[in-house]
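**Q** If you scroll down you'll find the structure; I have some questions about it.
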Amino acid sequence: MAIRNIRNNNDDNILLHKRAKRVESINHKILMLLEDMAETMYKEEGVGLAAPQIGILRRLVVIDIGTGLTKLINPEIIEQGGQQQGIEGCLSVPGVTGEVIRPQRVRIRAQNETGAYIELEGNDLLARAICHEIDHLNGVLFIDKIVSVPRFYNNNYYKG
Ligand code: CO
């Protein structure tokens, strides 16, 4: 396993706005990449990380909101409902936070490490994590969606 460099929007703004490609073959290289992404996310104290953030334009996401590590390959939202407004930051946009509106709940379809298709439902923070990270796969950063800049906040905001 290895810690990867996180790309930031000052140096890699164009790359971070590109759409990532589907993973067609879940091979050893992809599995190692997911391991590296998880290790990098934990080291940077994020709760989510998408492959474009380490410079790889593939549809891979890792998330751990404190309930265990989830690795998602080719995730897509198949249902969503409700609305929540909350503060986000991003490992690729250092020093910036802002309020973003997300669905309250989402249902996604993705492949796991064996290639099997799984469905997963997330509410609240998990829904926010899923949306923030899938946005990365589509070349969208949270700063493109900020509705207001928080006047007050503690350290308890989404960071991925
Ligand atoms: Co981010």
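**Q** So which of 45, 88 ends up being open to solvent by 60 Å² or more (accessible area, probe 1.4 Å), within 14 Å of the ligand (Cβ to nearest atom) and touching a strand residue (DSSP E or B) at 6+ places or on another chain (Cβ under 8 Å)?
**A** 45
**Q** Quick one: in the stretch 121-156, of everything that is in a loop (DSSP other than H, G, I, E, B) and under 24 Å from residue 55 (Cα atoms), which residue is nearest to the ligand (Cβ to nearest atom)?
**A** 141
**Q** Okay, next question. Within the stretch 91-120, which residues are in a strand (DSSP E or B), open to solvent by less than 30 Å² (accessible area, probe 1.4 Å) and over 22 Å from residue 41 (Cβ atoms)?
**A** Within the stretch 91-120, none qualify.
**Q** Restricting the search to the stretch 1-36, which residues are in contact with an Asp or Glu (Cβ under 6 Å, 6 or more places away or on another chain) and without any contact (Cβ under 8 Å) to a residue 40 or more places away in the chain?
**A** 1, 2
**Q** Return the residues of the stretch 40-54 that are in contact (Cβ under 8 Å) with a residue 60 or more places away in the chain, in a helix (DSSP H, G or I) and in contact with a Lys or Arg (Cβ under 9 Å, 6 or more places away or on another chain); say none if nothing qualifies.
**A** Those that are in contact (Cβ under 8 Å) with a residue 60 or more places away in the chain, in a helix (DSSP H, G or I) and in contact with a Lys or Arg (Cβ under 9 Å, 6 or more places away or on another chain): 51, 52, 53.
**Q** Quick check on my filter: what residues within the stretch 1-25 are surrounded by 16 or more Cβ atoms within 10 Å (Cβ to Cβ), out of contact with any strand residue (DSSP E or B) (no Cβ under 6 Å at 6 or more places or on another chain) and of a type in the set (Val, Ile, Thr)?
**A** Answer for the stretch 1-25, where residues must be surrounded by 16 or more Cβ atoms within 10 Å (Cβ to Cβ), out of contact with any strand residue (DSSP E or B) (no Cβ under 6 Å at 6 or more places or on another chain) and of a type in the set (Val, Ile, Thr): just 6.
The values are calculated or read from the model by the stated rules, or taken from the named source; none is laboratory data. Small disclaimer: the values here were computed from a predicted structure and weren't measured. Quick reminder, even Gly has a Cβ in these numbers, built from the backbone with ideal geometry, and neighbours come from all protein chains shown. Quick note on the areas: whole protein, heavy atoms, side chains included, nothing else; ligands and nucleic acids left out. Shrake-Rupley method; radii C 1.70, N 1.55, O 1.52, S 1.80 Å.
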